[in-house]
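This report concerns only the one structure given below.
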Amino acid sequence: MKSQRGSSSAASPITPASVAPAPVETSRQATSPWWPPAAVVLVGALSYADSFDNAFVFDDMQYVDGNPAIRRLWPPADWIAFCPTRFVGYFTFAVNYALHGYDVRGYHVVNLAIHLATALFTYGLARRTFAHAACGPRYAAHAVGLAATTALVWVAHPLCTQAVTYIYQRLESLAALFCIAAIYAFARATSADVRRPTWWKIVVVACCFLAMATKESAAGLPLMLLLYDRLFRADDPAGAPARKRLLLAAFASWGMMLGLMLATGSAYAKAGIGSVEGIGPVRYALSQSGVILHYLRLCFWPAGLCLDHVRRPIEFDRPLEYVPQTIAVLALLGLAAYGLIRRRPWSFPACTFFLILGPTSSVIPIADLIFENRMYLPLAAVVVLAVCGAFEAYDHLVRRMVGEAGRRRVLRTFRIAAAVVVAGLSIATLLRNTAYSTQETMFRDLVDKAPASPRGYFLLGRHLFDDRRQVDEARPWLRRSLEQDPTFVPSLSKLAELEIAARRFDVA
């Protein structure tokens, strides 16, 4: 995503070479073709076509299925008081329950709708940003193709499954939707010749407040808007006062989030957030360096996706566990900061990646060091950078080709490669969704992929005992859980309950 003044005759891997570069991004760009949004919806729907009958799993059982707080829409005291910092998400669960009770298909339909809407906003934001003068005429000429590729890769990527197929993680995808919608609306509201800017400004502020009341991972949204303003709007000094007022309104949403967090009281500590025994801020931050690199690996090679990855905090006396990883992450962070200082357009997705991960991958200790759903929106930033890298490689090859036949050959190769990547990711998503089909398939998948996780064995043993009353089959799984962690209280408690049911009171 280089800012260049020189024009290139290179054709896009998606769009024809006849598309003329736009000198500036405006709200009156040439109408985008119909096929990119349609393709995004089609690919997204096909990728999750096998997920609608998948069962409630893991946290779904506590926070959705059987949760009395979502059983009525009015008065709203129940679902607001249940989790004040995330009441918008619980409101959507209450709507689901009001419409169809605990029929799991309705919850999956809403989750997929949120995912598709987020992908469409991602396409719209990417298209407008690539068309901006800061990205140069080469990117402006191919804005539609690059944006479509970004949205298609992201919507089909299996790393998104934990935030889409896992019903409770709707909170993550819904917060991401509000974030992307807010940035898109900001881009529209601050365009040079925007129509009805007031409406777009209202959308910006509303999405900021809704995001803050959906999940704490949206805390970096006002900073993302500030970055977008610096990188893509700073050349318009006349509109600076209006943009400043809009940004101040966006930052005001922090006040609401802080108030909701204070209203939650000690719930964070009980949930293992902010205060974790044996894990201070420094130890947690050093541990997260390896987690971030693991996230990046999953972006480019999403093998071994797992409901509950096992990640132990680092030990200070084992520097090889964290020194190389920390250096690598600091280098990436420094590169993003350098791009921001130099006002390089690519620094926006690079900085956004760290801002979104900030609440879970910085210095605030969380008992669970890693969860895939945290990469839902950061994945979009990684995909943008990867697509830009592929475009630079494509453009370099085209420049070396002599003759129209050679250029068409490169164009055809890149189109086929893009289609193969999207198709492969979509198939991988379909396969990953099968792990969510029942609680038992999910928990067996968990113990296969994370054999060091005491929680996986506990979940499988508990399911076999509570739901299927298979005492003899459940017992070895609970014992294997205790082999991984002899102090894992849930397994101790459930094993005692199981032995009582088997009338082995001395063992219990």
Using 7 Å Cα-to-Cβ label points, what is the Ala38/Arg318 separation (nm, one decimal)? 5.5 nm
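Taking only DSSP H segments of four or more residues, each worth -39500 (n - 2.57), what value at 222 nm results for the chain once the sum is divided by all its residues, to the nearest 500 deg cm²/dmol? Kindly include the intermediate steps, with their values, before the conclusion.
Values: 23 runs with 320 residues, N = 508.
Estimated from H runs of four or more residues: -20500 deg cm²/dmol.
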Out of Ala134, Gly272, Gly424, whose Cα points farthest toward the positive end of the dipole of the chain (charges: +1 Lys, Arg; -1 Asp, Glu; placed on Cβ)? Ala134
Rounded to the nearest 0.05, what FRET efficiency is calculated for Leu482 and Ala55 with R0 set to 35 Å and r the Cβ-Cβ distance? 0.85
Extend 7 Å from the Cα of Glu497 along its Cα-to-C-beta direction; within the range 30-65, residues with backbone N under 19 Å of that point are 56-65
Sum of side-chain charges, Lys449 neighbourhood, beta-carbon under 12 Å (Lys, Arg +1; Asp, Glu -1): -2
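Just order 169-177, 45-53 by mean Cβ neighbour count inside 10 Å, highest at the front, would you? Provide the component values of the computation, followed by the final result.
Working: 169-177: 26.8, 45-53: 18.1.
Descending packing order for the listed peptides: 169-177, 45-53.
Within the range 132-182, report the chymotrypsin sites (Phe, Trp or Tyr not before Pro) that DSSP leaves as loop and that have at most 13 other Cβ atoms within 10 Å.
Values: sites: Tyr139, Trp154, Tyr166, Tyr168, Phe178; in loops: Tyr166.
Those that pass, being in a loop and sparsely packed, number zero.
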What does the charge count around Pro302 come to, taking other residues whose C-beta lies under 13 Å from its C-beta (Lys +1, Arg +1, Asp -1, Glu -1)? +2
Put +1 on the Cβ of each Lys and Arg and -1 on the Cβ of each Asp and Glu in the range 365-490; which of Ser481, Ser437, Val383 then has its Cα farthest toward the positive end of the dipole? Val383
Compute the signed sum of charges (Lys and Arg +1, Asp and Glu -1) over the other residues within less than 12 Å, Cβ to Cβ, of Asp65. -2
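Take peptides 403-414, 441-452 and line them up by average Cβ neighbours within 10 Å, highest first, as a rough protection proxy.
Values: 403-414: 14.5, 441-452: 18.6.
The peptides rank, most packed first, as 441-452, 403-414.
Using only the Cα atoms of the range 289-346, build the gyration tensor, take square roots of its eigenvalues as a ≥ b ≥ c, and label the shape rounded, prolate or oblate: rounded if a/c is under 1.5, else prolate if a/b is larger than b/c, else oblate. Let's see the in-between values first.
Numbers: a/c = 3.45, a/b = 1.40, b/c = 2.46.
Because a/c hits 1.5 or more and a/b fails to exceed b/c, the range 289-346 counts as oblate.
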Over the chain, how many pairs of lysines fall under 25 Å by alpha carbon, counting only those 8 or more apart in sequence or from different chains? 5
FRET efficiency, Ser266 to Ile416 (Cβ-Cβ, R0 56 Å, nearest 0.05): 0.50
Treating the beta-carbon of each Lys and Arg as +1 and of each Asp and Glu as -1, no other charges, what is the dipole magnitude of the chain about its Cα centre, to the nearest 20 debye? 2000 debye
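Say R0 is 22 Å: what FRET efficiency, to the nearest 0.05, do Glu473 and Leu431 get from their beta-carbon distance? Mind dumping the intermediate values first?
Numbers: r = 27 Å, r/R0 = 1.21.
For R0 = 22 Å, the calculated efficiency reads 0.25.
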Protection proxy ranking of 458-464, 201-207 - average other beta-carbon atoms within 10 Å, highest first: 458-464, 201-207
Answer rounded, prolate or oblate for the range 378-430, using the Cα gyration tensor with square roots of eigenvalues a ≥ b ≥ c: rounded when a/c is under 1.5, else prolate when a/b is larger than b/c, else oblate. oblate
Which of Asn54, Val88, Pro75 sits closest to the plus end of the dipole of the range 50-93, meaning its Cα is farthest towards the positive end, when Lys and Arg get +1 and Asp and Glu get -1 on the C-beta? Pro75
Classify the range 93-200 as rounded, prolate or oblate from the Cα gyration tensor: take a ≥ b ≥ c as the square roots of its eigenvalues, call it rounded if a/c is under 1.5, otherwise prolate when a/b beats b/c and oblate if not. oblate
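Using 0.36 nm per residue of separation minus the Cα-Cα distance, give me the extension gain between Ile202 and Ser362 in nm, one decimal. Spell out each step's value before the answer.
Details: separation 160, 0.36 × 160 = 57.60 nm, distance 3.14 nm.
The span from Ile202 to Ser362 would gain 54.5 nm if fully extended.
Just so you know, all these numbers are worked out from the coordinates, no wet-lab data involved. Bear in mind that the values here come from a model prediction, so they are computed numbers and not experimental data. When we count neighbours, we look across all protein chains shown, and the Cβ atoms used for this are built from the backbone with ideal geometry, even at glycine.
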